[in-house]
Structures are given as C-alpha cells and as structure tokens.
Amino acid sequence: MTVKRAIGDTRKQQSLLWLGWAVVPALVIVCYLPALTFGFVWDDEQMLFGRADYHDPSRWLQVVRQPLDFSPNYFRPLALSTLLVQIWLWRDNPMPFHLLNVLLHGLNTVLVMALAWRLLRSEWGTVLAGLLYGLHPALTESVAFIASRYDLAVTTFLLLALMLSTSAWRWRSVGVALCFLLAALCKEMAIVLPLLLPAWQFALSHRAHPDLNRRARLRQMAQAEWPTYLALIVAGLLYLGLRYASLGYLHQSPSAESRIDPGSPIQHLLLIGRTFTTLIGLVFFPFFSISPAHHTTLPIPLNDWVAWVQLTSMLSAIVVLVWLTRRVPMVGWLFVAGAMSLLPVLNIRPLEMAKGIYTAERFLTFPLVLFVLGVAAAWRERSSKWQAGRVANREGRIGSLLLLMSLCLWLVMAVVVILQNLPNWKENRTLWEWMTRASPRSPIGYSNLADTYNKLGRYEDALKAAERAIQIAPYSGMGWVNKGVALLKLGHPQEAEAHFRKATELEPENVIGWNNLAIMLSDRGEFIEAERIVRQHVLGRTPRFMGHQALGILYLKQGRPDLAEPELERALQALPFPQGSLPTQLLQEARRPNLWLAAAERMIQRGDLATAARLCQRAEQLGADRIALAYVRGKLLIAQGRPKEAERLARELIDYGLNDPRLYAVLRAAAQSLPTKR
C-alpha cells in the first residue's frame, strides 16, 4: 500500500507540474490580452514617429550602431532590432508590438518556472514562482509599455544565462557568456549578471551541498565556476569593443537637464535609500504604490524625515539579508542576488531620468525573478518541514495555513491591481490622467496631459493642466511651453510668446520652446532672429524634422519658396509617416507656381536677376500659367537688357490668340526699353 500511495502521489505531483506549466503562462497571457487593443504612448511615439530611418530596412546596420534618442549612452541594438522588424512589417499598427510584449512576458514566466523547478524540485514551489512573477502588478508597465521591450528582452537572456548556469552541459560557461553578451546588447542593466552570479551560485551550492562549510564551499565553487567567470570577462570585453566600434566612445556625460541631481553626499545617500525602499516595497507590497512615475524632490532635503526612515530601513534590510544567509542560506542568498541585481538602478550613479523622477517599475523586470525565487524557496522550506512532521503541532499547521491563505490573497489582489491599472496604458490621455492621480506632486503628468489636451483641441483643459504643472514645479520648461500653446490657441499671442521665452530660459535645451518662439518672432516679421534661433537651437536636434519644418515656415513667410522647398523636403525625409503631416501641406503650398512667380518679381525689383531666372524656371516646371509666366519672364528679359526677346515672347502668345492685358504691358515696357531711332 505504501508503494502504491507513493506512486499515486508522484503521479499527482507530475500532473500538478504539467498543469502548472500550461495554466500559469496561459493565465498570465489572458490577464494581459486587453493590452492588444492599446495604442502607442509616451516614448512609444518617439520610437515610432520620431525617426524616419527606423522605417528603412536598408539602413538597419546604420541605425543599430547609433545610441537611442533618449540618451547618448543607450546602446541596445538587439532589442531595438526586434522593434525595427515590427516597424518594417506593421508600420503604425500597435497590436503586433503589444502582442510580442505579452508573449515575451509569458516566455519569461515560463523561464522563471523552469528555474524554480531546477532550484527547488517542488511542484507547488514552481507554480507559485510562476504566479508570483507573471501576475506581479509592478510588471504591468513592462508589458503594457512597448518601449519597455528592452527590459523584457534583457530579462529573457539573463534568465537563459541563469538556466544554463544550473545545467550540466559541457559548454555551459560559453552558453552563459553568450547569453550575457546578448543581454548586454538589449540593455546596459545586463551588467548585473557578473555581480549577482556569486550569490546565485551560493544559493545553488546550499541546495546541492547543504553540509559543506564556508571554506570548502568557496573552494568547490572556485574550482567549478572559474571557466564561467573567464568566459564572462571575454564576453564583457567583446561587448565593450562592439560598443566602442559603434558609438566611438564607451560613455558620454549626459546633459545636466537629463541627469538626476543627487545633491551633497548625504543627500545622495538619502536618494539611494529612497530608491531601494521604493523598489523593495514594490516587490513585496505593490498594491497601493503602482505609478507610471515615482517622483520626489531632488536633491532630497536633509529635513525629510521619511528619507531618513527609508535609509534606516535599507541598512536594516542589509542586516536582515546577512542574517538570512546564515539562518536560511538558500533563501538568503537568493534575496542577496536580488538586491545585487538592483545596484545599477539604485542611483549610486545618478540615473538619466526626467526631473523629479528617481526610479521606474520596469527596472524590476529582472530583479523580481530572484526575489520571487527566494519567496518560493522559503515556501518550500516551510512546506518541507510541515510534510516532515517537524511542524506537526496545531500552531504550526495553523501558521502554514495562514501563510497559504496570505499567498492566495496576495495573488488575488495582484490580479485586481493589474486589471485596474492596465487600462490606464490604453492611450496618452488615460496615462497622463492616471499619473496626475498616482503622482500628484510630479509636474510631468500635468505637463504631458496639457500637451495631450492641446493636440485634442481641449485648450481650456490644457491651460488648467499646464498651470498646475507650473504651480508644482516652476522650473518645468514643458509646463511653460504647453501653457504657451494653449494661450496661443485661445487668442493670447503676447502671453504665449512670454511663456515660450520663459521655457527657454529655464531649459536652454528645450527644442519645442525654441521652435515655438521662432515661429512667434516670424509672425512679427523678425525673420533674422527667428532663423538664428532655429539654426542654433532646433536644427539637428530631436525631433529631427522640426528644424527643417521651422525653416520652411520662415522662408514661406518671407516669400522664398526656393529656400522653403528643400527644407520641407528634408523635414519629410525625417518623418516616418509624412502623409497628411504639416510639412506635406506646407510643401504643397510651396509648390504653387504663382508663389514662385511672385518671388521672381520681387527678385527682379531687387536686381537679383539670376535668382529670378531660377524661380521662373521652377515655376515653369511646376506648371505655371503660360500668360503669367510670360509676363514675369518678359519683365526679367527687359531687366536683363533683352527687350526684343521680351517683345517676341509676348507677340507669340498674342498671335496664338491669347489677348491678355499683361502681354500688352510687356510689349509697352519692351518698346520703352528699345533704343530710340534717330
């Protein structure tokens, strides 16, 4: 009977495991299926609409060897390539982009379960790890935000690296190093692998050899793992070589506007403590703090008592981690590995983020794996004691039951939070309205909401949102820009210009502020100053079409279609979807033949006859009216001292039956210009 019961239990456990492999990823994917109906939001739009070269497959190699627009230090050719292929195939259809994000998250969940099984050999522990990771609310941003593809992709390759590190494959060191290289080509955060690998291997060692002392364990690990570390060094050097060959540098100091200001050393320490406790809080209790942006006053004031509590909590957490490595070694070392994986995003080196934002939930996409495995390992330790009868008393059973109920409640709440927050990523309006509620002290939500309202034609609402952004953060340049746009649309041009000027004073790199100011100056006829601003502050910067578009507008207002046309053509070349765009409309205006003839007449009056001749020739190419063209060309010929040719040109059209007063005007002017006979 005992043998039959054991066989039956084994079959049940195998059925549970196979059911878990099927149900958990399916449940995760179903939970995120609504994202397939979402559009492009936030940085997605810059990725898709900001770069025309992203839409040209023939320029792939050139594109992936450049940094992303968001920072000169973002070199992510592999993850970027997944986005580029989708852009080539589906252009501006967001559904395939969201689908791949959801599938990648499902794949990562499967890899987490595989790691849990390798590590724990527990069916329930494996299922629990998959559920905790796949349904964790902090990963909603990573799945719903297409631009988080970099985080999903780097997580996939790091998980594969950890999987290979647990295998008995002969070439596993090479496999781990190759996955590390591919992860680094997805996102710079891959650097965490060499940092956390010793802690990960300590956890594995305690699982395989629980009775080894520390010295013997270190000796055993060194003998077994030195090829892996050697291969990682080679892979790291290869990555640095690829990075330098592509960018021409390894690292470039970002502008002050794009870098977090940590303040004094003590304030910097407070920032690290706040970042750590925020991320750890999101790991274990994410139900009331999910937000698209985590904002704080920077540098953190020294009298911020919450920051001191957070710093104390971080130091206490380090003590707890040390205690766990001694008390429950496998669990402790997994948590240590999780903490190590957070090092690149703890603002030890200040991150490149928008003003006031100090961390983001997508940074947890990989570190969460190790914390989840630690929780699953703790669950296995508890359940093993229970099954072994060491917790056979009533209190122990009640405690285990309460733990199980707590985990179930946690998972139910997690699903509720995901379903509640996921729709906020549907479009920019819902995203920024959510940010104003979730992070009311951040100007970014209000500023971007004002921009969205301006684009929707809701100028009164835009004005209110922009005013709120300025009230929260008077230094917010985009708050002033968006308020200026709303004021301009509401019929207050002078106030709008003042706001654009204020934005450029606060943020000298604010391209949109400079662009709008230049257009305002051109409306007043200050073309020289407007062109200087465009060439100095807008041209050649992101968004790349804007400088050429602005020059095209300036030249059209000056009646110079010959100068406007090439600039507008360059603007169109920088746009991935030029159909119906403003440069397209302006180019149609610039190619009106009458505009070129009018410009030619002005050039004749100024004595610039060579330019007038080119303008007439282009007007003819554009299909100018024969009489209008003959009239201007006649005046040009007369100005060139060729009145007989002007007379002949007018006579040919009159003889053809075109009796227009302008032709006779050319004849009279030609006659007056002919030498008087004696």
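Condition check for ALA600 on (1) closer than 26 Å to THR504 by Cα; (2) buried (at least 22 other Cβ atoms within 10 Å of the Cβ): one failure, at (1).
Before we move on, is GLU225 over 30 Å from MET163 (Cα atoms), part of a helix (DSSP H, G or I) and at pLDDT below 90? Considered against the rule, which asks whether it is over 30 Å from MET163 (Cα atoms), part of a helix (DSSP H, G or I) and at pLDDT below 90, GLU225 comes out as no. If you go through region 131-169 and keep only what is more than 19 Å from LEU195 (Cβ to Cβ) and charged (D, E, K, R), you end up with GLU141, ARG149.
Is it true that ALA619 is buried (at least 19 other Cβ atoms within 10 Å of the Cβ), in a helix (DSSP H, G or I) and over 43 Å from the mean Cα position of the chain (by Cα)? Taking the combined requirement at face value, the residue satisfies it.
The single condition among (1) without any contact (Cβ under 8 Å) to a residue 40 or more places away in the chain; (2) under 21 Å from SER439 (Cβ atoms); (3) outside any loop (DSSP other than H, G, I, E, B); (4) not acidic (Asp, Glu) that ARG274 does not satisfy is (1). Can you confirm whether SER313 is in contact with a Gly (Cβ under 8 Å, 6 or more places away or on another chain), modelled with pLDDT of 90 or more and surrounded by fewer than 23 Cβ atoms within 10 Å (Cβ to Cβ)? Taking the combined requirement at face value, the residue satisfies it.
Residues checked against (1) among the polar types (S, T, N, Q); (2) under 30 Å from MET95 (Cβ atoms); (3) in contact with a strand residue (DSSP E or B) (Cβ under 7 Å, 6 or more places away or on another chain):
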{"residue": "ASN108", "(1), (2), (3)": "yes, yes, no"}
{"residue": "ARG118", "(1), (2), (3)": "no, no, no"}
{"residue": "VAL143", "(1), (2), (3)": "no, yes, no"}
{"residue": "ARG149", "(1), (2), (3)": "no, yes, no"}
{"residue": "THR156", "(1), (2), (3)": "yes, yes, no"}
{"residue": "GLY175", "(1), (2), (3)": "no, no, no"}
{"residue": "ALA183", "(1), (2), (3)": "no, yes, no"}
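Before we move on, is ALA450 among the aliphatic types (A, V, I, L, M), buried (at least 24 other Cβ atoms within 10 Å of the Cβ) and closer than 23 Å to HIS294 by Cα? Yes; evaluated as a whole, the condition is true for this residue. Annotation: of all residues in region 276-299 being closer than 24 Å to MET413 by Cα and among the hydroxyl-bearing types (Ser, Thr, Tyr), the one that is nearest to the chain's Cα centre (by Cα) is SER291.
The test for being farther than 30 Å from ASP660 by Cβ and assigned to a helix (DSSP H, G or I) holds for VAL534. All conditions but one from (1) surrounded by fewer than 18 Cβ atoms within 10 Å (Cβ to Cβ); (2) in contact (Cβ under 8 Å) with a residue 12 or more places away in the chain; (3) basic (Lys, Arg) apply to ARG172; the one that does not is (1).
Scanning for something within 20 Å of the chain's Cα centre (by Cα) and in a helix (DSSP H, G or I), does region 408-422 turn up at least one residue? Within region 408-422 (the criterion being within 20 Å of the chain's Cα centre (by Cα) and in a helix (DSSP H, G or I)), the answer is yes, since at least one residue qualifies. Every condition in (1) closer than 30 Å to GLN558 by Cβ; (2) touching a residue at least 24 places away in the same chain (Cβ under 8 Å); (3) not charged (D, E, K, R) holds for LEU674 except the one numbered (1).
Conditions (1) modelled with pLDDT of 90 or more; (2) assigned to a helix (DSSP H, G or I), marked per residue:
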| site | (1), (2) |
| --- | --- |
| LEU27 | yes, yes |
| LEU33 | yes, yes |
| PHE40 | yes, no |
| GLU45 | no, yes |
| SER71 | no, no |
| LEU78 | yes, yes |
| VAL102 | yes, yes |
| GLY106 | yes, yes |
| VAL110 | yes, yes |
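The values are calculated or read from the model by the stated rules, or taken from the named source; none is laboratory data. Everything quoted here is computed from the prediction, not taken from an experiment. We place every Cβ from the backbone using ideal geometry, glycine too, and count neighbours over all the protein chains shown.
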